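*Asks:* Here it is, the structure, as structure tokens.
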Amino acid sequence: MKKTVCIYPEDPTTVFLLPLYEHICTNMQAIGIHNDTTEEDDSLDKIYAEIQDAECVVFLGHGTSQLLYGSNCANVVFEKNNCDLLFNKRLLLLSCNSDQFIKNYKLADAAGFGFLPTSLDDARLTRQIHGITVEHIEKKDVGYYNFALVNAFIRSLSETTLHDFHLFKEKLKFNISGEIVQCLLKKEAPNYRTVADELYYVYKDMIVS
């Protein structure tokens, strides 16, 4: 069986991703690495050892155009000096600016995303994303966005789409569109128009290399 590893650094800002992590581990028989990387001295060594013979690596966490972080952004998991560990592997990177990370390190067979406003801190610090003002959004808005994001990913990700990112992108477009419709119809988020607009950019910014 081809090996899939799902890396999920644990911290309060990524807890909403737990259902997606469990879906990947259960339905795709992925080997899960779910821990607080700031508390276990050998946590990074475990990650590096486990991905050596992996065909596919899924990363659920924090990122920038140059780095993929561990818990609370306190330690770096992948960066310029060790990104060769990711070469020749299928990569699904669900983190902010992983689209640029993929481009910067010329990673092939990879899927990444743009900026994802998954916390109030993200919104307050960034203030405007995709030309949309987000500094006014509330906790309930972020919660709705995160819930819709995870729902769309769970519905889109399967053994088949994990091995065909172009198909995954089409499935994600369909399922995100459904979440946008529900957001606009139900109006459960105080700033539902802003939430719907940012959900649109989840698949709009997605790249497949």
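The values are calculated or read from the model by the stated rules, or taken from the named source; none is laboratory data. Just so we're clear, the structure is a prediction, and the values are computed from it rather than from any experiment. For neighbour counting, all protein chains shown are included, and Cβ atoms are generated from backbone atoms with ideal geometry for every residue, glycine included.
*Asks:* Residue check: is residue 116 in contact with a Cys (Cβ under 7 Å, 6 or more places away or on another chain) and farther than 20 Å from residue 44 by Cα? Even if it seems obvious, please write down each step before you answer.
*Replies:* Working: in contact with a Cys (Cβ under 7 Å, 6 or more places away or on another chain): yes; farther than 20 Å from residue 44 by Cα: yes.
Here the answer is yes, as residue 116 does meet what is asked.
*Asks:* State the number of residues belonging to the range 186-208 that are among the charged types (D, E, K, R) and closer than 17 Å to residue 128 by Cβ.
*Replies:* Selection size over the range 186-208: 5.
*Asks:* Here is a follow-up. Checking residue 58 against (1) more than 27 Å from residue 119 (Cα to Cα); (2) in contact (Cβ under 8 Å) with a residue 24 or more places away in the chain; (3) not in a loop (DSSP other than H, G, I, E, B), only one condition comes out false. Which one?
*Replies:* (1)
*Asks:* Residue by residue through the range 157-172, note down the ones that are farther than 13 Å from residue 199 by Cβ and either among the β-branched types (Val, Ile, Thr) or touching a helix residue (DSSP H, G or I) at 6+ places or on another chain (Cβ under 8 Å) (or both).
*Replies:* The answer is 157, 158, 159, 160, 161, 162, 167, 168, 169, 171.
*Asks:* Inside the range 183-209, can you point out the residues that are over 22 Å from residue 158 (Cβ atoms), of a type in the set (A, V, I, L, M) and buried (at least 16 other Cβ atoms within 10 Å of the Cβ)?
*Replies:* 189, 195, 196 - these are the residues of the range 183-209 that are over 22 Å from residue 158 (Cβ atoms), of a type in the set (A, V, I, L, M) and buried (at least 16 other Cβ atoms within 10 Å of the Cβ).
A quick yes/no check of all residues on (1) outside the structural domain of residue 157 (by TED's automatic domain parsing); (2) farther than 25 Å from residue 151 by Cα; (3) surrounded by fewer than 18 Cβ atoms within 10 Å (Cβ to Cβ); (4) modelled with pLDDT of 95 or more:
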| site | (1), (2), (3), (4) |
| --- | --- |
| 12 | yes, no, yes, no |
| 36 | yes, no, yes, no |
| 39 | yes, yes, yes, no |
| 46 | yes, yes, yes, no |
| 70 | yes, no, no, no |
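*Asks:* Something else now. Would you pick out the residues in the range 14-34 that are closer than 17 Å to residue 153 by Cβ and buried (at least 16 other Cβ atoms within 10 Å of the Cβ)?
*Replies:* 14, 16, 17, 20, 21, 23, 24, 25, 28, 30, 32, 34 - these are the residues of the range 14-34 that are closer than 17 Å to residue 153 by Cβ and buried (at least 16 other Cβ atoms within 10 Å of the Cβ).
*Asks:* If you scan the range 17-42, which residues turn out to be in contact with a Gly (Cβ under 8 Å, 6 or more places away or on another chain), over 17 Å from residue 93 (Cβ atoms) and either aromatic (Phe, Trp, Tyr) or free of Cβ contacts under 8 Å to residues at least 12 places away in the same chain (or both)?
*Replies:* Correct list: empty.
*Asks:* Let me ask you something else. Going through the range 1-40 one residue at a time, which ones are assigned to a loop (DSSP other than H, G, I, E, B), touching a strand residue (DSSP E or B) at 6+ places or on another chain (Cβ under 8 Å) and closer than 18 Å to residue 68 by Cβ?
*Replies:* The answer is 10, 14, 30, 36, 37.
*Asks:* State whether one or more residues within the range 101-116 are under 24 Å from residue 154 (Cα atoms), assigned by TED's automatic domain parsing to the domain that holds residue 12 and without any contact (Cβ under 8 Å) to a residue 60 or more places away in the chain.
*Replies:* The answer is yes; a qualifying residue exists.
*Asks:* Restricting to the range 1-10, and then to whatever is hydrophobic (A, V, I, L, M, F, W, C) and in contact (Cβ under 8 Å) with a residue 40 or more places away in the chain, can you tell me which residue is surrounded by the fewest Cβ atoms within 10 Å (Cβ to Cβ)?
*Replies:* 5
*Asks:* Output the number of the condition that residue 87 fails; it satisfies all remaining conditions of (1) buried (at least 16 other Cβ atoms within 10 Å of the Cβ); (2) in the same structural domain as residue 20 (by TED's automatic domain parsing).
*Replies:* Here residue 87 meets the rest and fails (1).
*Asks:* Within the range 66-112, which residues are over 17 Å from the mean Cα position of the chain (by Cα) and aliphatic (A, V, I, L, M)?
*Replies:* 74, 85, 108 - these are the residues of the range 66-112 that are over 17 Å from the mean Cα position of the chain (by Cα) and aliphatic (A, V, I, L, M).
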